[in-house]
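The values are calculated or read from the model by the stated rules, or taken from the named source; none is laboratory data. Not measured: the values here are computed from a predicted model. Neighbour counts run over all protein chains shown; Cβ positions are idealised from the backbone, glycine included. The accessibility values were calculated without ligands, DNA or RNA, using every heavy atom of the protein model including side chains. Shrake-Rupley method; radii C 1.70, N 1.55, O 1.52, S 1.80 Å.
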Amino acid sequence: MIPRVIVTPISGYLSDRFDRRSVLAVMFGINLVHNILLGILILTDYAELWHLIVLSVVNGSARASQMPAGQALIVNLIPRDLLLNGIALNQATMHGSRLLGPAAIAPLLATAGSSGAFFVCSGFYAISLILTFRVKTASTGKLQPGKGFFANVNEGLKSVYKIPALRAIVLIAFFHCGLTMSFESVLPVLAENRLAAKGAGFSYLMMAVGAGAMVSVVLMAGIRDDSTKGRLFLYFGVLSGLSPFVLAFSSTMPLALFGAATMGATQAGFMTLTHTFIQSVTPDAIRGRVGGIYSMHIGGMMAFANLMNGWLADYVNPQILLAVASAGFVFIILLTWWQNALRKIYTEGLKI
């Protein structure tokens, strides 16, 4: 996750400098080669820890670079009044992978081993690469003439903090990702200690998160009314802070799966609306750089919070970690009612 802090401003610049289709295709190609190499290393029993660390950086860098390019490209492919629909369906495919991915590789882990799972992933990346080449719409931003890399990246950073609505949305997403979405490092401990379920229990919980998220964003895809979007933004924010309490204090796997699915549904709904609002107020000329700065904020926060949660889980009950962080976000989002830009979004939506 470290590349999401370091790489995303660079990839955002590239997404405004070059054709966004090309940037996306290059990143899918890197991940295709990465997964094939990782599968070969595992299959031949040659993988060492340093191999995995280096390849994790490569994987994280390519995945982080896909985000600004992909998000900027979506806006150029669909009518502006259907922006939420397009982003929601795109988010559905991403969240659906949390459900379908573990389901696809589970039989392989039990039979062919983990190398088979990486080769399956390579196949999915190959399909993604082919589909990227089928996109016909050219999409690129506009750099400041006569200015270098740092000046142009700074243009995106200034825009994030200069536009009141954009600044407010990015900052609330920053806290949302840190306090409610950085649970991956806590789930394995919670599954083993609280639910007496080891690796399989963690997989089931992640699948439940993905299932809830996929259902939520698909249902959102048909929403057109701006005020409805604004109200849902507030409701999803509050509920994404409350839902981890169900998971944290579940004593049975069915109740824990329900809590995880609710977390996935509310968090995905909140982030889908966040993406939509950001794309609505961002000029296309700097869309890649703003997307990179946004990804740096939320990715950096998630990386840091996951690191801290993973460390604290060795000393503090993971239930307490989930509950305290979630309560903190509920408190923050209630405070935002007194912030003019966000209150206007909650009551009126954000006009496209």
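Could you compute Rg(Cα) / (2.2 N^0.38 Å) for the stretch 74-200, with N its residue count?
On the way: Rg = 20.6 Å, N = 127, 2.2 N^0.38 = 13.9 Å.
Rg over 2.2 N^0.38 Å, computed on Cα atoms: 1.49.
With charges only on Cβ, +1 for K and R and -1 for D and E, what is the dipole size of the chain about its Cα centre, in debye, rounded to 20? List each step's numbers first, then the result.
On the way: 24 positive and 13 negative charges, 212 e Å.
It works out to roughly 1020 debye.
Let me know the shape class of the stretch 112-158, please: from the alpha-carbon gyration tensor, a ≥ b ≥ c as square roots of the eigenvalues, rounded when a/c is under 1.5, otherwise prolate if a/b is greater than b/c, or oblate. Kindly include the intermediate steps, with their values, before the conclusion.
Values: a/c = 5.48, a/b = 2.21, b/c = 2.48.
It comes out oblate by the Cα gyration axes.
How many percent of the accessible area of the stretch 208-348 is carbon or sulfur, using a 1.4 Å probe? List each step's numbers first, then the result.
Working: 3980 of 5410 Å².
Answer for the stretch 208-348 is 73 percent, counting heavy atoms of protein chains only.
Taking the solvent-accessible surface of protein heavy atoms with a 1.4 Å probe, what is the per residue accessible area of the stretch 213-291 in Å²?
Working: 2550 Å² over 79 residues.
Here the per-residue accessible area is 32 Å².
Tell me the volume per residue, in Å³, of the convex hull enclosing the alpha carbons of the chain. Before the final figure, lay out the partial values.
Working: hull volume 46.8 nm³, N = 352.
Output value, Cα hull per residue: 133 Å³.
Based on the alpha-carbon gyration tensor of the stretch 288-352 and its eigenvalue square roots a ≥ b ≥ c, which shape applies: rounded if a/c is under 1.5, prolate if not and a/b is larger than b/c, or oblate?
Numbers: a/c = 4.25, a/b = 1.51, b/c = 2.81.
Oblate, because a/c is 1.5 or more while a/b does not exceed b/c.
Explain nothing, just the number: relative contact order of the stretch 191-333, from Cα pairs under 8 Å at least 6 residues apart, as a whole percent. Show your work: numbers first, answer last.
Details: 133 pairs, mean separation 45.3, N = 143.
About 32 percent, as a whole number.
Restricting to Cα atoms and excluding each atom paired with itself, what does the Kirkwood estimate give for the stretch 213-318 in Å?
Details: mean 1/r = 0.0634 Å⁻¹.
One over the average 1/r among Cα pairs gives 15.8 Å for the stretch 213-318.
Once you have the Cα-Cα distance between Phe249 and Ala327, take 0.36 nm times their residue separation minus that, and quote the gain in nm to one decimal. Walk me through the numbers before you get to the answer.
On the way: separation 78, 0.36 × 78 = 28.08 nm, distance 1.38 nm.
Once the chain is fully extended between Phe249 and Ala327, it gains 26.7 nm.
Which shape class applies to the stretch 117-263: rounded if a/c is under 1.5, otherwise prolate when a/b exceeds b/c and oblate if not, where a ≥ b ≥ c are the square roots of the Cα gyration tensor eigenvalues? Don't jump to the answer; show the numbers that get you there.
Values: a/c = 1.97, a/b = 1.49, b/c = 1.33.
Here the stretch 117-263 falls in the prolate category.
Mind checking the full-extension length gain between Leu108 and Arg134? Use 0.36 nm per residue of separation minus the Cα-Cα distance, one decimal, nm.
6.3 nm
For the chain, how many pairs of lysine residues have a Cα-Cα distance under 17 Å, where the two are 8 or more positions apart or belong to different chains?
Details: Lys142/Lys158; Lys147/Lys158; Lys229/Lys344; Lys229/Lys351.
Close lysine pairs found across the chain: 4.
Spelling out what I want: for every residue of the stretch 31-42, take phi, set θ = phi - 60°, compute 6.51 cos²θ - 1.76 cosθ + 1.60 (Karplus), and round to whole Hz; glycine and proline get x.
Listing the rounded values in order: 5, 4, 5, 4, 5, 5, 5, 5, x, 5, 4, 5 Hz.
Measuring from centroid to centroid over Cα atoms, what is the spacing of the stretch 294-310 and the stretch 1-34 in Å?
Between the Cα centre of the stretch 294-310 and that of the stretch 1-34, the gap is 19 Å.
Over the chain, what is the mean sequence separation of C-alpha contacts under 8 Å (at least six apart), divided by residue count, expressed as relative contact order in percent? Show your work: numbers first, answer last.
Values: 552 pairs, mean separation 105.5, N = 352.
Dividing the mean separation by the residue count of the chain yields 30 percent.
Relative to the present Cα-Cα distance, how much length would full extension add between Arg224 and Arg80 at 0.36 nm per residue of separation?
Values: separation 144, 0.36 × 144 = 51.84 nm, distance 1.11 nm.
In short, 50.7 nm is gained.
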